[in-house]
1. Within segment 182-202, list the residues whose amide N lies under 19 Å from a label point set 7 Å along Cα→Cβ of residue 221.
2. Return a whole-number percent for the relative contact order of segment 148-252, with Cα pairs under 8 Å and 6 or more residues apart as the contact set.
3. Between segment 62-100 and segment 185-252, how far is it from one alpha carbon centroid to the other, in angstrom?
4. Determine, for 91, 25, the number of other Cβ atoms within 10 Å of each Cβ, and report the residues in order from fewest to most.
5. I need 179, 117, 48 ordered by Cβ neighbour count within 10 Å, fewest first.
6. If you stretched the chain out fully between residue 157 and residue 239, how much longer would it get, using 0.36 nm times the residue separation minus the C-alpha to C-alpha distance?
7. To the nearest 10 degrees, how steeply does helix 3-38 sit against the main Cα axis of the chain, on a 0 to 90 scale?
8. Using the number of other C-beta atoms within 10 angstrom as an exposure proxy, rank 76, 193 with the fewest first.
């Protein structure tokens, strides 16, 4: 092997080692960030949701309970017109209780892409939650300050057979508490379609997390959904009947 070829080989090996270490570091960052939320066995939260549209806005106050990633139930406390409306997620099923007609309805697959509670999130967004650690190939592509906190910028490219809808994600994760402070969502054509911001960091039951999530769909000018968590408690006992369809009308 010539001296020039040897130098090229050494360079390639070094470059491969460098990129591999960056990938491993990105995976570890994402693992810690995911575990901050996914490590929660159960939770109770009270939240205010603001839906903003070009010509109107609406506020809802809700409370909700969850066990792991598969069970989530929420009930609307206000406005009065929608008070008592219940949303239930059971694994891959979605149910609604509508008090005005006193009916419990299981949503068919054809309704999964409809907006959840009139927000910019879909029912499918809440059910098909992918694992950013397992479903994507990840690498650190830079560093930047977000809200005064130093962050890694991590690019996530979906694995070939991963059950995800996004063509790419770019995520800003802070270097101290591993909070996800900003996420850009790209479609399969590599076009930026939505941005999510995490703001107003607070201490919830010993966990430092953004209290406000702002989701902006860029293809719908003037649209925005803001979720503000007022109360967030973790790892408490929750009665499993809260997640049964025949109990939905009893949630208060």
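Readers should treat all values here as calculations from the given coordinates under stated rules, not as data from a laboratory. All of these numbers come straight from a predicted model, not from anything done at the bench. Note: ideal-geometry Cβ built from the backbone for every residue, glycine included; neighbour counts use all protein chains shown.
1. Answer for this model: 192-195.
2. Values: 176 pairs, mean separation 15.5, N = 105.
Value for segment 148-252: 15 percent.
3. That distance is 13 Å.
4. Values: 91 10, 25 15.
Result, fewest neighbours first: 91, 25.
5. Values: 179 22, 117 19, 48 16.
Lowest count first: 48, 117, 179.
6. Details: separation 82, 0.36 × 82 = 29.52 nm, distance 3.84 nm.
Extra length available between residue 157 and residue 239 comes to 25.7 nm.
7. Compared with the principal axis, the helix lies near 20 degrees.
8. On the way: 76 21, 193 16.
The order, fewest Cβ neighbours first, is 193, 76.
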